[in-house]
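Chemist: One structure follows; several queries about it will come next.
The values are calculated or read from the model by the stated rules, or taken from the named source; none is laboratory data. The shown structure was predicted, so the numbers you read here are calculated from the model rather than taken from an experiment. FYI the Cβ positions are ideal-geometry reconstructions off the backbone, even for glycines, and counts take in every protein chain you see. All accessible areas refer to the heavy atoms of the entire protein, side chains included, with ligands and DNA or RNA removed. Shrake-Rupley method; radii C 1.70, N 1.55, O 1.52, S 1.80 Å.
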Amino acid sequence: MKRWIAKHIGKFWMLGIFGFLYLPIAYLVVFSFNSTRQDAKFTGFSLRWYQALMNDSRILEGFVLSLKVAFLSATFSAILGTLAAFVLVRYKKFFGRGLFSGMVSAPLVMPEVIVGLSLLLLMVLLQRTTGWPERGLITIVLGHILLGMAYATVVVQSRLQDMDRALEEAAMDLGCRPFQVFYLVTLPSIAPAIIAAWLLSFTLSFDDVVISEFLSGPGVTTLPQVIFSYARRGINPTIFAAATLLISIVTLAVLAYSAWVLRQSLRRKQTP
């Protein structure tokens with residue numbers, strides 16, 4: 001018996017971890033179809049909460065705003081993170097390199113409460129002195145760019161460090177200028193890392209609450225803020241329905257991407 005337990009303890013441990021992570025999600029999905037507001041007993045199948053979700057203007061407006069914020073912040077984070085990573089990897093020595101590296105990576109280890117409060121004070125100071133920007137979409141995007149850029153830099157930097165410099169040297173030997181080398185050789189080689197950085201920044205921005213709470217203005221509320229405000233007032237199955245739809249969209253996107261990657265790998269294997 002002891003041998004059997006010792007042999008399978010790793011499997012039980014993994015099952016426990018997966019159960020701890022995914023059983024609450026399964027609970028949420030099941031009770032999004034509950035016919036009543038009860039969260040302890042499933043009283044019957046119903047789509048009433050999905051109908052209520054379609055009529056909830058706050059959630060729908062928050063969802064659209066979150067998509068706008070996430071798309072803008074992820075795009076700028078990927079661009080700025082790629083440039084920062086290129087500078088840190090390709091230029092080993094320049095004045096202020098240590099300070100620049102520390103400032104780029106600081107949001108990774110600094111609490112979001114501190115980041116959000118600091119940005120709030122900065123935005124208030126700028127608004128009082130220059131009249132811009134007003135708290136709303138722009139300030140939220142700027143705050144999310146600061147956070148997303150740090151993660152994007154790490155992702156792209158790791159890919160640049162593993163890239164073969166001989167490709168760039170060969171391009172320069174053939175007459176390419178530095179910008180052409182970056183555009184024609186370096187950028188295509190690190191494109192998967194840039195896409196990964198964009199997706200990571202998009203996810204971080206879409207589900208951020210802390211920074212959004214500090215930088216949002218009147219009438220500007222993202223979807224996580226709406227869900228958080230609903231949750232503070234008690235159980236609302238409409239939140240379960242919204243979360244279930246988000247889970248479904250993400251799951252389908254991951255499956256589609258996995259199928260595309262598998263198809264591409266099979267094509268490469270079949271190509272002589």
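Chemist: Check Phe100, Phe76, Phe95 and return the single one that is under 30 Å from Leu137 (Cα atoms) and open to solvent by 80 Å² or more (accessible area, probe 1.4 Å).
Modeler: Matching residue, one of Phe100, Phe76, Phe95: Phe76.
Chemist: Out of Leu28, Leu23, which single residue is assigned to a helix (DSSP H, G or I), of a type in the set (A, V, I, L, M, F, W, C) and without any contact (Cβ under 8 Å) to a residue 40 or more places away in the chain? Write out each step before concluding.
Modeler: Working: Leu28 fails: without any contact (Cβ under 8 Å) to a residue 40 or more places away in the chain.
Answer to the selection: Leu23.
Results for (1) open to solvent by less than 100 Å² (accessible area, probe 1.4 Å); (2) under 25 Å from the mean Cα position of the chain (by Cα), shown as yes or no for each residue.
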residue	(1), (2)
Ile235	yes, no
Ile239	yes, yes
Ile247	yes, yes
Ala253	yes, yes
Ala256	yes, yes
Trp260	no, yes
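Chemist: Only residues that are open to solvent by less than 60 Å² (accessible area, probe 1.4 Å) and out of contact with any Asp or Glu (no Cβ under 7 Å at 6 or more places or on another chain): list them for the range 213-230, please.
Modeler: Phe214, Leu215, Ser216, Val220, Thr221, Thr222, Leu223, Val226, Ile227, Ser229, Tyr230
Chemist: Let me ask something additional. Taking only the range 109-134 into account, find how many residues are loosely packed, with under 13 Cβ neighbours inside 10 Å, free of Cβ contacts under 8 Å to residues at least 60 places away in the same chain and assigned to a helix (DSSP H, G or I).
Modeler: Residues flagged as loosely packed, with under 13 Cβ neighbours inside 10 Å, free of Cβ contacts under 8 Å to residues at least 60 places away in the same chain and assigned to a helix (DSSP H, G or I) within the range 109-134 amount to 8.
Chemist: Then there is this: Being under 13 Å from Glu213 (Cα atoms), of a type in the set (D, E, K, R) and out of contact with any Ser or Thr (no Cβ under 7 Å at 6 or more places or on another chain) is the filter here; which residues of the range 105-143 pass it?
Modeler: The answer is Glu112, and nothing else.
Chemist: Out of everything in the range 37-59 that is in a helix (DSSP H, G or I) and open to solvent by less than 70 Å² (accessible area, probe 1.4 Å), what residue ends up being nearest to Arg97 (Cα to Cα)?
Modeler: Ile59
Chemist: Going through the range 148-198 one residue at a time, which ones are assigned to a helix (DSSP H, G or I) and among the acidic types (Asp, Glu)?
Modeler: At the first step, the residues of the range 148-198 found to be assigned to a helix (DSSP H, G or I) are 148-162, 165-173, 178-189, 191-198.
The answer is Asp162, Glu168, Glu169, Asp173.
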